[in-house]
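**Q** For reference, the structure I am asking about is given below.
The values are calculated or read from the model by the stated rules, or taken from the named source; none is laboratory data. These numbers were taken from a predicted model, which means no experiment stands behind them. Positions of Cβ are generated from backbone atoms using ideal geometry, with glycine treated the same way; all protein chains shown enter the neighbour counts.
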Amino acid sequence: MDPTVDGTLSGRFARGLALAPDRPALHADGVDLTYRELHELALVRAGSLLAGLPGRPPAVGVLAGKGPTAYASLLAGLYSGVTVVPLQPAFPAARTRRMIEAAGVGALLADDDALPALTALHEDGVRLPTLFAPGGQPMPALALDPDSALKAPQPTRPSDIAYVLFTSGSTGRPKGVPVTHANTAHYFQLLDQRYDFGPHDVFSQTFDLNFDCAMFDLFCAWGAGAAVVPVPARAYARLPEFVAERGMTVWFSTPSAITLVRRTGGLAPGALGSLRWSFFAGEALGCKDAGDWAAAAPGAALENLYGPTELTITITAHRWTPGRQPNDMVPIGAVHPGHDTLLLDPSGAPGTGDEGELCIAGPQLTPGYLDPADDAGRFLEHDGRRYYRTGDRVRRADDGGWHYLGRKDAQVQVHGIRVELAEVDAAARTCPGVEDAVTVAVPVDGTVELAVFHTGEPVPPARFARHLRALLPAAVVPRAYHHLDTLPLNANRKTDRRKLASRAAAMRQPAGGTHERRQESQ
């Protein structure tokens, strides 16, 4: 293999291509694509992209859902040798435009379902050359030209940025996280050593392509010659049948999926009998949920994974075994080999105990945010090493791994999506009639929902939610809205978020209520 491709994400697909050229690499929407077919589609798309531009752009956006062309577009972006920026078509156009501008995206690869998003971006002022096979889209069009197909993926260096993902930012704008080929090479090398994936495996793909855990699914599978099966929302109502029909052997999702499958009766003992690996990340995993899933998938090893985007997908792993109390949380496990850890005490100084804010240094660490101004307070230098401050409080476990204790700041996970509450606050304050707004997280069925308390005019919750859907990803739009004359203050004369969170939890309707329509005034 070309040494400039080996060790890259393109190189991982090349491994799968060599192992299983005529086996399925992807089964999506009833379409099967072999490794050879997906490779050839990506070469045509990458070549058409580069041939249609006057020069190589600094980054290419992949505006795609989970259809067959989404994966060909993602692979084509990597084959082009430039930085890939996965973009979610369901996001508000203004948010996507900010991501495009921040990452320096010079062209778009769009999948078959992206036309509404392209139209919305065009209306928001975006004018980018776009490869969109169906045609009829509003952007300047790049032609899909088989004669321009690349002969092979373009070479890259380990220090080159493979992709950029965006996390929530406390300033009200997303923060771009660049991940290099060296970051992913170290990560997947460790996973190759830890797991026994092979060509006969079939991986679930539950995460959107702009979520870093999607890279685990794709490149663990493709590096082993295995198949990837995107899981549509409708499949959760009959997940055991879906898993059995696809011959699925590897599952990866957020823990909130366990609650959903339990509600639909899908966690009967042995119901997920084809699975041999089960992975969960993005939220805290409870032992009861782990136990119920393990009973449904008795032949599967179950692992709890943890990792901020800044540390390349996941940075710890814990192999679960039964025996803990049902109300306990599953540990997040030990940090990957090759990395150093540091704990900070409540003052922010390096501590000597077994509990504190977790900081990690090592080869999976991002070089820094796209905007260097975002680095402040998130990275620190200690003993000649550069650490990322995760903002997560941990306690050392007896086996040397870590127990997750919660967030240090106002950042939460909502259905696996990391969000700064300050970003939701900032968006809520732009709603006409609102003077001030504070967002709190309310635990619900193993995940959290967001609730907004606001002052100013009593804004109808439906109008409030409609306004925020134009600014925020749908998954993090608050479910409840409460009007107050004034926001409560704590002893330090700061907004008492703890009191508001308790109040929101007490006021939450039973499951099944219409949360968007709740509002109080005082």
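**Q** Return the residue satisfying two criteria in turn: it lies in the stretch 444-467 and is aliphatic (A, V, I, L, M) and not in a loop (DSSP other than H, G, I, E, B), and of such residues it is nearest to L260 (Cα to Cα).
**A** V444
**Q** When you look at P68, is it surrounded by 21 or more Cβ atoms within 10 Å (Cβ to Cβ), modelled with pLDDT under 95 and not charged (D, E, K, R), yes or no?
**A** yes
**Q** Could you list, in sequence order, all residues of the stretch 126-155 that are surrounded by fewer than 17 Cβ atoms within 10 Å (Cβ to Cβ), closer than 18 Å to P92 by Cα and in contact with a helix residue (DSSP H, G or I) (Cβ under 7 Å, 6 or more places away or on another chain)?
**A** If the condition is that a residue be surrounded by fewer than 17 Cβ atoms within 10 Å (Cβ to Cβ), closer than 18 Å to P92 by Cα and in contact with a helix residue (DSSP H, G or I) (Cβ under 7 Å, 6 or more places away or on another chain), then P138 is the only one that fits.
**Q** Among the candidates D6, D32, D22, which residue alone is in a strand (DSSP E or B) and of a type in the set (D, E)?
**A** That would be D32, the only listed residue that is in a strand (DSSP E or B) and of a type in the set (D, E).
**Q** Where the second residue is outside any loop (DSSP other than H, G, I, E, B) and the first is free of Cβ contacts under 8 Å to residues at least 12 places away in the same chain and lies in the stretch 186-213, which pairs have Cβ atoms under 9 Å and are six or more apart or on separate chains?
**A** Within 9 Å, the pairs are D196/A224; D196/W277.
**Q** Between a residue in the stretch 18-32 that is within 17 Å of G198 (Cα to Cα) and any residue that is modelled with pLDDT of 95 or more and in a loop (DSSP other than H, G, I, E, B), which pairs come within a Cβ distance under 7 Å, given they are 6 or more apart or on different chains?
**A** L19/P199; L19/G225; A20/P199; A20/G225; R23/P199; R23/G225
**Q** Same structure again: Can you name the residue in the stretch 92-119 that is among the hydrophobic types (A, V, I, L, M, F, W, C) and out of contact with any Ser or Thr (no Cβ under 8 Å at 6 or more places or on another chain) and, of all such residues, is nearest to S168 (Cα to Cα)?
**A** Taking the candidates together, the pick is M99.
**Q** Follow-up question, since we're still on this one. Take the conditions surrounded by 15 or more Cβ atoms within 10 Å (Cβ to Cβ), over 19 Å from F216 (Cα atoms) and touching a residue at least 40 places away in the same chain (Cβ under 8 Å) and apply them to P363. Does it pass?
**A** no
**Q** Could I ask something else about it? Determine which single condition L305 fails, assuming it passes every other condition in (1) of a type in the set (A, V, I, L, M); (2) touching a Ser or Thr at 6+ places or on another chain (Cβ under 6 Å); (3) assigned to a loop (DSSP other than H, G, I, E, B).
**A** (3)
**Q** If I filter the stretch 353-374 down to residues being under 19 Å from S168 (Cβ atoms) and small (G, A, S), which single residue comes out as nearest to the chain's Cα centre (by Cα)?
**A** So, considering only residues that are under 19 Å from S168 (Cβ atoms) and small (G, A, S), the one nearest to the chain's Cα centre (by Cα) is G368.
**Q** If a residue has to be aromatic (F, W, Y) and within 14 Å of M139 (Cβ to Cβ) to count, how many in the stretch 55-73 make the cut?
**A** 0
**Q** Let me ask something additional. Check whether at least one residue in the stretch 52-63 is at pLDDT below 95, out of contact with any Gly (no Cβ under 8 Å at 6 or more places or on another chain) and closer than 30 Å to Y369 by Cβ, and report yes or no.
**A** Yes, there is a match, as at least one residue in the stretch 52-63 is at pLDDT below 95, out of contact with any Gly (no Cβ under 8 Å at 6 or more places or on another chain) and closer than 30 Å to Y369 by Cβ.
**Q** Sticking with this one: Is it true that S274 is surrounded by fewer than 23 Cβ atoms within 10 Å (Cβ to Cβ), of a type outside the set (F, W, Y) and closer than 30 Å to C359 by Cβ?
**A** For S274, the condition - surrounded by fewer than 23 Cβ atoms within 10 Å (Cβ to Cβ), of a type outside the set (F, W, Y) and closer than 30 Å to C359 by Cβ - is not met.
**Q** Identify all residues within the stretch 219-275 that are touching a strand residue (DSSP E or B) at 6+ places or on another chain (Cβ under 7 Å) and of a type in the set (A, V, I, L, M); write none if there are none.
**A** Residues satisfying the conditions are A221, A226, A227, V228, V229, V231, M248, V250, L275.
**Q** Counting only residues that are small (G, A, S) and closer than 14 Å to T447 by Cβ, which one in the stretch 251-280 is modelled with the lowest pLDDT?
**A** Checking each candidate, the answer is S256.
**Q** Return the only residue of D425, D392, D409, D399 being within 28 Å of T439 (Cβ to Cβ) and part of a loop (DSSP other than H, G, I, E, B).
**A** That would be D409, the only listed residue that is within 28 Å of T439 (Cβ to Cβ) and part of a loop (DSSP other than H, G, I, E, B).
**Q** Hey, another quick one. Among the residues of the stretch 202-225, is any in a strand (DSSP E or B), assigned by TED's automatic domain parsing to the domain that holds G401 and under 28 Å from R23 (Cβ atoms)?
**A** no
**Q** Can you name every residue in the stretch 263-288 that is under 23 Å from R194 (Cα atoms), part of a loop (DSSP other than H, G, I, E, B) and of a type in the set (S, T, Y)?
**A** Result: S274, single match.
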